[in-house]
Amino acid sequence: MLPVSDAEKLVHAFMNSRLDYCNALLGGCPASSINKLQIVQNADARVLTRARKYDHITPILKSLHWLPIRFCISYKIALLTYKALNGLAPAYLTSLLPRYNPSRSLRSQNSGLLVVARIAKSTKELFHIWLPNSGTAFLVTFGVQTHSLCLNLD
């Protein structure tokens, strides 16, 4: 029989790495899509811990130190945003999050605001990025027009 520690390494190598791969792109996906991935993670956790199908999954995930998929997505996006804002990400990511520099002296000039270019609803949206803020996530649409939206990330 395979020891639990070895089984955990195998599940992490083959299953969790696939669940975690590019999951930042899933920000903004419908909950039904994310729930399918959550079902896979729950099944992995139950196999590892030999839990029954109807056992509550939250304590099992906590015992394995695994985040649910929706929190993994938020964490990955927050990490990418942090890296982009602190010069630890590639230049193409950093350039997508320009800092807000007001034309005159304002109290908000040093509060960590971002200027996000917006596009009109009538034109095609280029892409979306989710930026978590204080436990909540909101959608920011990047585009080509000069309309701007200021967001606080502190």
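Numbers below:
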| item | result |
| --- | --- |
| Leu113 long-range amide H proximity, modeled H, under 5 Å | Tyr100 |
| Shape box of segment 1-87 [Cα atoms, principal axes, largest first, Å] | 47, 27, 20 |
| Accessible surface of Asp44 - all protein chains present, 1.4 Å probe, nearest 10 Å² | 20 Å² |
| Semi-axes of the equivalent ellipsoid for segment 21-63, Cα gyration tensor, largest first, Å | 23, 11, 9 |
| Per-residue ³J(HN,Hα) for segment 18-29, Karplus 6.51 cos²θ - 1.76 cosθ + 1.60, θ = phi - 60°, Hz, x for Gly and Pro | 6, 5, 8, 5, 6, 6, 5, 6, 8, x, x, 5 |
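The values are calculated or read from the model by the stated rules, or taken from the named source; none is laboratory data. Small disclaimer: the values here were computed from a predicted structure and weren't measured. Surface accessibility is based on the protein's heavy atoms, side chains included, excluding ligands, DNA and RNA. Shrake-Rupley method; radii C 1.70, N 1.55, O 1.52, S 1.80 Å.
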